[in-house]
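The values are calculated or read from the model by the stated rules, or taken from the named source; none is laboratory data. For clarity, every value in this text was computed on a predicted model and none was experimentally measured. Cβ coordinates were reconstructed from backbone atoms using ideal geometry, including for glycine residues, and neighbour counts include every protein chain displayed.
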Amino acid sequence: MSVWKISGGRALHGEIKIQGSKNAVLPIMSAAIIKGCETELLNCPQLSDVEAAMEILKHLGCTAEREGDTVYIDSRGMNRTDIPHDLMREMRSSVIFLGAILARANEAELSYPGGCELGVRPIDLHLEALRCFGAEISEQGGNLFCRGRSLRGARVNLSFPSVGATENAMLAACGAAGETVITNAAREPEIIDLQAYLRKLGVSIWGAGTPTITISGFVLRDRVGHRVMTDRIVAATALCCAASAGGRITLRDVVPAYFETVTAALEQMGCRIDRKSHSVTLEADGRLHAPRPIATRPYPGFPTDAQPLLMAAALKAEGTTAFTENIFESRYRHAVELNRLGADISVVGRVAVVTGVKALVGAPVKATDLRGGAALITAALGARGTTTVYDIGHVIRGYEAFEKMLNDLGADVHYEDERLAPVG
Ligand code: EPZ
């Protein structure tokens, strides 16, 4: 198993293009099966989660091939409606295939997605939404059995604007007769990108990005081409890395508004920010000051996925601040590891209090989850000496060639065989 070794204290300079969005491409890959069609997805990030989704598509009888940043999916040959345990365990967000399989085949069977590092990760809102369309869902022996002989359009009110439940409802609606209206829908930009793909497929859908999404029928096409949106959380990560290490970086091919809550917090900490229509430049030198307290919220509030990253950028900032994690029940596992670098973080329930320290010192640390692992790298860039990050498999799920991106900006990050690394 590899580890990452990071030699900190090197400012970052340069311009980078940000990868396609993991959280946009996964539901779109699911949408590609609601009708037998050919899909060409451009700007598809090379990530283990995307590979896992391709394996699920192939298991279902589709073809899914990659050529560089383009993934070709042909779902005309789909001949199965089940997702087995091993594929579900590979990626719990595979539950996003449930609504699309139901829309295509009126039945679906999948192994119950387990929890993850962020907590239990229930899917009750997904199942409630699918039952609104008339689906009969039973659970037996750790498997979900869904039957929907003839799905009918419905009014689906989500008690919480769950991203995944919104996406599953949108996809199930594409196989239902009659109009569907989803209220209290998630408003994340990835939902807007899914709507854009569905429109190209011939679905009459509008309202994504607002709390109310309406699907009123479809004349589905045989071929679709779509360019996946840029990953707003990777963009926020790059900015936090530059804030932690110092320097001046420019992100190309981004929508600044999609991560404005993070950019505004960095600006408030003393970073200089220049926003253009499709790029953002951040400059940081000298000691930053602590941001105002941060509370994570559904979009357009501060994104939970950026909470570990901004925390890492704030570890040396002058003063004290507090983070409140309102979305996931257990999303501070990175705090213990960050404290091993000399940070001063104390966690009580959903609140993490961060008091800025004058310096961080490299040490062996362990990635606990995707964004928590990225936070360790963010902090290590601003630490003195060398940090060794173990369990980087968590990180490569969502960051394409992360070490290349950072080294292109002047960092010193490289893989090492774990057997040669210092004891963690
Ligand atoms: C999506 O997860 C993202 N994943 C997450 O990104 C992101 O953190 C999250 O949305 C919130 O923005 C993908 O898009 C693949 P939710 P999702 O349903 O859909 C609870 C990353 O780092 N809930 O909005 O699973 C749930 O437990 C990942 O890229 C229920 O209680 O998020 C959580 O506390 C991490 N019942 C909250 O709602 C349900 O049926 C938000 O979950 C569903 C969710």
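Residues that are over 20 Å from residue 151 (Cα atoms) and not aliphatic (A, V, I, L, M) within the stretch 175-194 comprise 184, 187, 188, 189, 190, 193, listed in sequence order. Considering the stretch 119-161, the residues that are polar (S, T, N, Q) and closer than 16 Å to residue 108 by Cβ include one that is farthest from the ligand (Cβ to nearest atom), namely 150. Among the residues of the stretch 229-273, those identified as hydroxyl-bearing (Ser, Thr, Tyr) and in contact (Cβ under 8 Å) with a residue 40 or more places away in the chain are 230, 237, 244, 250, 258, 261.
Considering only residues that are under 15 Å from residue 30 (Cβ atoms) and near the ligand (Cβ under 10 Å from one of its atoms), look in the stretch 162-193 and name the one that is surrounded by the fewest Cβ atoms within 10 Å (Cβ to Cβ). Only one residue tops the list, namely 163.
Checking each residue in the stretch 374-388 for being closer than 23 Å to residue 322 by Cβ and assigned to a helix (DSSP H, G or I) picks out 374, 375, 376, 378, 379. Residues that are within 16 Å of the ligand (Cβ to nearest atom) and acidic (Asp, Glu) number at least 1 in the following helices (runs of 4 or more DSSP H) confined to the stretch 258-341: 260-268. Could you look through the stretch 52-88, keep only residues that are more than 24 Å from residue 143 (Cβ to Cβ) and acidic (Asp, Glu), and pick out the one that is surrounded by the fewest Cβ atoms within 10 Å (Cβ to Cβ)? Looking at residues that are more than 24 Å from residue 143 (Cβ to Cβ) and acidic (Asp, Glu), I get 67.
Contact map, the stretch 77-103: residues that are touching a residue at least 40 places away in the same chain (Cβ under 8 Å) paired with residues that are of a type in the set (Phe, Trp, Tyr), Cβ distance under 8 Å, separation 6+ or inter-chain. Pairs shown: 102/133. For the stretch 140-159, the count of residues that are surrounded by 14 or more Cβ atoms within 10 Å (Cβ to Cβ) and in a helix (DSSP H, G or I) is zero.
Is it true that some residue in the stretch 145-152 is within 25 Å of residue 192 (Cα to Cα) and either hydrophobic (A, V, I, L, M, F, W, C) or not assigned by TED's automatic domain parsing to the domain that holds residue 28 (or both)? Yes, the stretch 145-152 contains a residue that is within 25 Å of residue 192 (Cα to Cα) and either hydrophobic (A, V, I, L, M, F, W, C) or not assigned by TED's automatic domain parsing to the domain that holds residue 28 (or both). Please tell me if residue 298 is in contact with a Pro (Cβ under 7 Å, 6 or more places away or on another chain), outside the structural domain of residue 161 (by TED's automatic domain parsing) and surrounded by fewer than 21 Cβ atoms within 10 Å (Cβ to Cβ). Taking the combined requirement at face value, the residue satisfies it. Taken over the stretch 346-372, the criterion of being in contact with a helix residue (DSSP H, G or I) (Cβ under 8 Å, 6 or more places away or on another chain), among the small types (Gly, Ala, Ser) and within 16 Å of the ligand (Cβ to nearest atom) is satisfied by 367, 372. List pairs: first residue in the stretch 389-415 and part of a loop (DSSP other than H, G, I, E, B), second residue aromatic (Phe, Trp, Tyr) anywhere in the structure, Cβ distance under 6 angstrom, at least six positions apart or on different chains. Taking only residues 6 or more apart or on different chains, the pairs are 392/4.
Yes/no matrix, rows are residues, columns are (1) assigned by TED's automatic domain parsing to the domain that holds residue 151; (2) loosely packed, with under 15 Cβ neighbours inside 10 Å:
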position: 215; (1), (2): yes, no
position: 223; (1), (2): yes, yes
position: 235; (1), (2): no, no
position: 239; (1), (2): no, no
position: 256; (1), (2): no, no
position: 260; (1), (2): no, no
position: 274; (1), (2): no, yes
position: 283; (1), (2): no, no
position: 306; (1), (2): no, no
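Listed by first and then second residue, the pairs linking a residue in the stretch 135-146 that is under 17 Å from residue 94 (Cα atoms) to a residue that is surrounded by fewer than 12 Cβ atoms within 10 Å (Cβ to Cβ) and of a type in the set (Ser, Thr, Tyr), with Cβ atoms under 8 Å apart and 6 or more places separating them unless they lie on different chains, are 144/138; 145/138.
Yes or no, residue by residue, for (1) touching a strand residue (DSSP E or B) at 6+ places or on another chain (Cβ under 8 Å); (2) aliphatic (A, V, I, L, M):
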| position | (1), (2) |
| --- | --- |
| 267 | yes, no |
| 271 | yes, no |
| 277 | no, no |
| 285 | yes, no |
| 289 | yes, no |
| 309 | no, yes |
| 312 | no, yes |
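The set of residues from the stretch 194-213 being among the polar types (S, T, N, Q) and surrounded by fewer than 17 Cβ atoms within 10 Å (Cβ to Cβ) comprises 204, 210, 212.
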